[in-house]
1. Heavy atoms only, probe 1.4 angstrom, no DNA, RNA or ligands counted: give me MET70, MET28 ranked by accessible area, highest first.
2. Please compute the length gained on full extension between ILE20 and LEU43, using 0.36 nm multiplied by the number of residues separating them and subtracting their Cα-Cα distance.
3. Which whole-number value in Å² is the accessible area per residue of the stretch 1-86, probe 1.4 Å?
4. How long is the gain from ILE27 to LEU52 if the chain were fully straight, where each residue apart is worth 0.36 nm and the alpha carbon distance is subtracted?
5. Mind putting together the pair-distance distribution for the stretch 27-86? All Cα pairs, 5 Å bins, whole percent per bin, short to long.
Amino acid sequence: MEGHTDQGALVRGMVNTGHIITAAGVIMAVAFSGLLFSSELILNQTAFLLVLSVLLDTFVVRTFLVPILMTWSGAKTWWPRGNLPAPTKDHAVPCVRSGNENQS
């Protein structure tokens, strides 16, 4: 994210994606909780672990742990971007035509 500090980019990313990640986690937890109504003990145990894991990931890891680790790592958070070569015309992806264009 050009033009933002590391902290600003982190805050902006959390604000823009936080509600989506939370909604997806809650939906997954609700879906996995359906297995809790099974009469099989192994399915109940698996469902409990899945629901607990998804909720912990949603509300603890992605809300607290990831931002803390990104803050601690500072500019090293963005290390892949620094190693990419500058795009050149030789490495450009060619445009693939579908064949549906009007040809005169």
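The values are calculated or read from the model by the stated rules, or taken from the named source; none is laboratory data. This structure is a prediction, so every number in the text was calculated from the model and none was measured. Each accessible area value is taken on the protein alone, full model and side chains, heavy atoms only, with ligands, DNA and RNA left out. Shrake-Rupley method; radii C 1.70, N 1.55, O 1.52, S 1.80 Å.
1. On the way: MET70 55, MET28 90 Å².
From most exposed to least exposed: MET28, MET70.
2. Numbers: separation 23, 0.36 × 23 = 8.28 nm, distance 2.80 nm.
Full extension of this stretch gives 5.5 nm more.
3. Values: 6500 Å² over 86 residues.
Accessible surface, normalised per residue, equals 76 Å².
4. On the way: separation 25, 0.36 × 25 = 9.00 nm, distance 1.30 nm.
Taking 0.36 nm per residue and subtracting the Cα distance, the gain is 7.7 nm.
5. 4, 18, 16, 13, 11, 10, 10, 8, 6, 4, 1, 0
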